[in-house]
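Quick notes on the structure that follows.
The values are calculated or read from the model by the stated rules, or taken from the named source; none is laboratory data. Model, not experiment: these values are computed from the prediction. For neighbour counting, all protein chains shown are included, and Cβ atoms are generated from backbone atoms with ideal geometry for every residue, glycine included.
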């Protein structure tokens, strides 16, 4: 049902089980594996920003991911023009909002609301970002121009999303289509890679006659139910298949956790 191409579910909506609040973590404790087994979570690390680095060919982004830097700290140093050791938790949080705001085509007004700052300051942050990440700016401009010419956009794997409203006379409708044009190659590609990884992992589990069961995907995360004797082998197999699912300009990275319930396996 998700327009981006991500899998979704209902009754319950497993993609929307909360995690950031204490109440949400308590709810996640209710999701458990069969007796004696563990839940294994394999979560792509910042996959959308890595896809952005690949699509934009931006040298700073590519270097950051190849050197396994904290991308939000790096963005904070670039946008706020400070040394890495001067980046506070709050500056990193703001840089994270900017990084993901760029992917979603966020305006200065939207960023101002997100960070509770003035529109002028938000525009200054965006200008600083594009001054440093010129490859990203060029990618966004190129993507929107192509959308205007073709009335569509696509993921890296070739899944097409039509954009009939890209030339609408209604400014709000047109701007939404522009944001979709930017977002689809990034978030849509992430959705494609997750599903492709699920296919590859499932095939490998069958070929190796393993009992490990793949349960579902939640955003950038795939959840498995694993017997104790297969845990180490399952982790190695899943990591190999997920990190090798597609050849990008930067490495894909998977974080893993396991536990007796979904709250522990995160």
Residue 130 - would you say it is within 20 Å of residue 179 (Cβ to Cβ), in contact with a helix residue (DSSP H, G or I) (Cβ under 9 Å, 6 or more places away or on another chain), surrounded by 13 or more Cβ atoms within 10 Å (Cβ to Cβ) and free of Cβ contacts under 8 Å to residues at least 60 places away in the same chain? yes
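Considering only residues that are in a helix (DSSP H, G or I) and more than 19 Å from the chain's Cα centre (by Cα), look in region 3-36 and name the one that is nearest to residue 215 (Cα to Cα). Even if it seems obvious, please write down each step before you answer.
Pass one, region 3-36, residues in a helix (DSSP H, G or I): 14-16, 22-28.
Within this subset, residues satisfying the condition of being more than 19 Å from the chain's Cα centre (by Cα) are 22-28.
Values: 22: 24, 23: 23, 24: 20, 25: 19, 26: 20, 27: 18, 28: 15 Å.
Out of the qualifying residues, it is 28.
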By residue number, the members of region 52-72 that are within 20 Å of residue 94 (Cα to Cα) and in a helix (DSSP H, G or I) are 52, 53, 60, 61, 64, 65, 71, 72
I need a count of the residues in region 235-264 that are within 23 Å of the chain's Cα centre (by Cα) and more than 21 Å from residue 192 (Cα to Cα). 7
Members of region 145-161 found to be under 23 Å from the mean Cα position of the chain (by Cα) and either over 30 Å from residue 74 (Cβ atoms) or part of a loop (DSSP other than H, G, I, E, B) (or both), listed by number: 152, 155, 156, 157, 158, 159, 160, 161
Does region 37-51 hold any residues that are assigned to a loop (DSSP other than H, G, I, E, B) and within 24 Å of the chain's Cα centre (by Cα), and which are they? 45, 46
Selection status of residue 39, at pLDDT 95 or above, surrounded by 22 or more Cβ atoms within 10 Å (Cβ to Cβ) and over 20 Å from residue 6 (Cα atoms): yes
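Can residue 71 be described as modelled with pLDDT under 95, in contact with a helix residue (DSSP H, G or I) (Cβ under 8 Å, 6 or more places away or on another chain) and more than 28 Å from residue 172 (Cα to Cα)?
Against the criterion (modelled with pLDDT under 95, in contact with a helix residue (DSSP H, G or I) (Cβ under 8 Å, 6 or more places away or on another chain) and more than 28 Å from residue 172 (Cα to Cα)), residue 71 qualifies.
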Condition first: farther than 22 Å from residue 48 by Cα and either in contact with a strand residue (DSSP E or B) (Cβ under 6 Å, 6 or more places away or on another chain) or at pLDDT 95 or above (or both). Can you find one or more residues in region 215-223 that meet it? yes
